[in-house]
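What follows is a short report on a single structure.
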Amino acid sequence: MCSSDLAQACGCPAICTAVGGVPEAVGGGVWLVPGTLDALTLGIQTLYDDAILRGKWSAIGRQRVSLLPSSTKVAQLYESLYCSESHVPGATK
């Protein structure tokens with residue numbers, strides 16, 4: 001999980017700058033703002049001032065995170081992938 005996922009799992013609305021691969025990495029569960037200090041400041045201030053908007057983004061984030069696989073599931077998937085590609089004797093496929 002990335003830090004925005006952890007924030008969302010705790011019910012905190014997340015704000016991220018829409019730069020690089022951030023929009024793709026965080027999916028639709030965060031409020032994306034342009035990658036400027038002024039835009040980020042405005043986003044933070046807006047959420048601070050607007051309880052309804054905070055609640056909306058909190059719910060969106062919790063919903064998004066609830067659809068992500070658990071860390072145990074991710075570890076199992078990686079193990080399966082590594083073992084299927086492994087030429088190490090004794091590795092299971």
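Out of all the residues in the range 1-12, which are assigned to a loop (DSSP other than H, G, I, E, B) and open to solvent by 40 Å² or more (accessible area, probe 1.4 Å)? Answer for the range 1-12, where residues must be assigned to a loop (DSSP other than H, G, I, E, B) and open to solvent by 40 Å² or more (accessible area, probe 1.4 Å): Met1, Cys2, Cys10, Cys12. When restricted to residues that are under 11 Å from the mean Cα position of the chain (by Cα), surrounded by 14 or more Cβ atoms within 10 Å (Cβ to Cβ) and not in a helix (DSSP H, G or I), the range 14-30 contains 6.
Filter the range 53-74 for residues that are farther than 14 Å from Val30 by Cα and touching a strand residue (DSSP E or B) at 6+ places or on another chain (Cβ under 7 Å) and give the result. If the condition is that a residue be farther than 14 Å from Val30 by Cα and touching a strand residue (DSSP E or B) at 6+ places or on another chain (Cβ under 7 Å), then no residue fits.
When restricted to residues that are within 14 Å of Cys12 (Cα to Cα), in a helix (DSSP H, G or I), among the charged types (D, E, K, R) and open to solvent by 50 Å² or more (accessible area, probe 1.4 Å), the range 36-68 contains 3.
The values are calculated or read from the model by the stated rules, or taken from the named source; none is laboratory data. Just so we're clear, the structure is a prediction, and the values are computed from it rather than from any experiment. Cβ coordinates were reconstructed from backbone atoms using ideal geometry, including for glycine residues, and neighbour counts include every protein chain displayed. Areas reflect the complete protein model, heavy atoms only, side chains present, ligands, DNA and RNA absent. Shrake-Rupley method; radii C 1.70, N 1.55, O 1.52, S 1.80 Å.
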